[in-house]
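Right, one structure below, let's go through it.
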Amino acid sequence: MSDIMINYDRFLSKAALKSQGSAIRKMGVMAVRVPDMISFAPGYPDPAAYAWDEFREITARLLDGHQGSVLQYGPTRGHKPLIEACMEILEGRGIRAAFEELMITTGSQQGIELVGKVLLDPGDVVLVELPAYTGAISAFRNLGASLAGVRQEADGIDLEDLDRVVSRERAAGRAVRFLYVVPNFQNPTGLLLSLAKRKALLEYASRADLLIVEDDPYGALYFDDTATAADTRPMKADDTEGRVIYLSSFSKTLAPGFRVAWLAAPEPLVSKLELFKQTEDLMSPALDQHVICEAHRRGVLMGRLPMLRRFYQEKRTVMQDALRAKLGDLVSWPEPKGGFFLWATLPDQVDCDAMLVRAVDQRVIYVAGSAFYVDGTGHNRMRLSFSLPSHEKIVEGVARLTAVVQAELSRPTAPAVHA
Ligand SMILES: Cc1ncc(COP(=O)(O)O)c(C=O)c1O
């Protein structure tokens, strides 16, 4: 390696200059470096739940066959039988989408970014929830979008606030392009958008002439003790006007390493998304698409979903019980009815960003709530992901977190400075 003497800032685009690493990724790196760290930070599935044997067998067969398409360039929209498999999955969720309305993406993250590229000019407004998924916030910010936050209630986005924000942005002369929402077990709050609000949102999008980007990686992972499949019905299923762009993924159910996801949208939009995808990666990885497709054909996904729901429900319960026992009088949270996340609110004087340094000393980490807010709030909140650690680690991690929070509350109070 040469000693780098150049300051590259003068070569960087405005977007690159402004861009910052994701708080969650930084946490992930930290977790790996510190021995015995218990991480509640990244929203990773637990590898113990992967279909290892089936994947090994499927991959070996695919490679044994010496079939060119398995390792060849293929269509940008995706491997045809996999698109057909996604149509079947969508039908199970109440969505009837034609072949032309689907595209496979390299993770839903790519789908989110492509939607931004196709719909946004710099300065255009994207509506996001307060709080919202950081991967979407970063993707839209990198494209120069202006992000307008809309408050949440216990049953999801606050519709009155939505209308207020849209009117405010339009009155200021800005183009409001779309609303980005995660209706099922939202990242980071775990909240479930009520069915009544889903209907109202569709009506509002029609009245206000907006598009909705519905991101649904967690919908299949509802917990039977508190939610049913009917509670997770996507808005796309009732989208009679073609206003919803629906994204879903195999990351949380099969495995994220395959990077296989898909989107469903009206055909004119999918055509544009395909053109932009071509310049990003030409196509999603062929072997990965074949493996996922074959796993679906063999019923691996559908067959495992009941086990996965129980598996993550148990982890959720272990985390809730531990929190209730140790921190019940200091911390509150909405019960996660599915997905990977528990969203904790601490006493107002706690600054979860500042406290993170002390949590690392105690070998436990979380994601500070401020990472998810586009309006600079959320200082006393944290996202605790229960999906990856074992039951024992969850219990031990909550004990460590308890020590951190208690020490924080007994610190002499400095005047808090919050953005
Ligand atoms: C809400 C949400 N959308 C999209 C993604 C990205 O998923 P994928 O692995 O399919 O890119 C995630 C991953 O954590 C997520 O939580």
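The order of R61, R381, R259, R93, going from fewest to most other C-beta atoms within 10 Å of their C-beta, is R61, R93, R259, R381.
Counted over the range 52-301, the DSSP beta bridges are approximately 40% antiparallel. With R₀ set to 30 Å, the beta-carbon distance separating S167 from E241 gives a calculated FRET efficiency near 0.90. Comparing I95, V181, G135 along the charge dipole axis of the chain, the residue lying farthest to the positive side is G135, per the Cβ-charge model. Only helices enter this figure: runs of n ≥ 4 DSSP H residues, each worth -39500 (n - 2.57), summed and divided by the residues of the chain, yield -13500 deg cm²/dmol at 222 nm to the nearest 500. Size descriptor for the chain, Kirkwood hydrodynamic radius: 22.5 Å (Cα pairs only, one decimal). Pairs exceeding a 23 Å alpha-carbon distance, out of K199/K337; K236/K337; K236/K272; K252/K326: K252/K326. Charged side chains reduced to their Cβ positions (Lys and Arg at +1, Asp and Glu at -1) give the chain a dipole of some 480 debye around its Cα centre.
Once C-alpha pairs closer than 8 Å and six or more residues apart are averaged by separation and normalised to the residue number of the range 101-172, the relative contact order reads 27 percent.
Among beta bridges identified by DSSP and lying wholly in the chain, the antiparallel ones come to about 50 percent. The relative contact order of the range 52-301, computed from alpha carbon pairs under 8 Å that lie at least 6 residues apart in sequence, is 28 percent. When you restrict to C-alpha pairs under 8 Å that are six or more residues apart and normalise by the size of the chain, the relative contact order lands at 23 percent.
In sequence order, the range 187-193 has phi-based couplings of 8, x, 7, x, 6, 10, 6 Hz under the Karplus curve 6.51 cos²θ - 1.76 cosθ + 1.60, θ = phi - 60°, and Gly or Pro positions carry x.
Close amide H contacts of E153 (hydrogens built in the peptide plane, cut-off under 5 Å, sequence separation of 5 or more or a different chain): D158.
Since every read-out is calculated from the coordinates, none of them should be taken as a lab result. The structure displayed is predicted, hence computed values, not measured ones. Because the Cβ atoms are built from the backbone with ideal geometry, glycine has one as well, and the counts that use them run over all protein chains shown.
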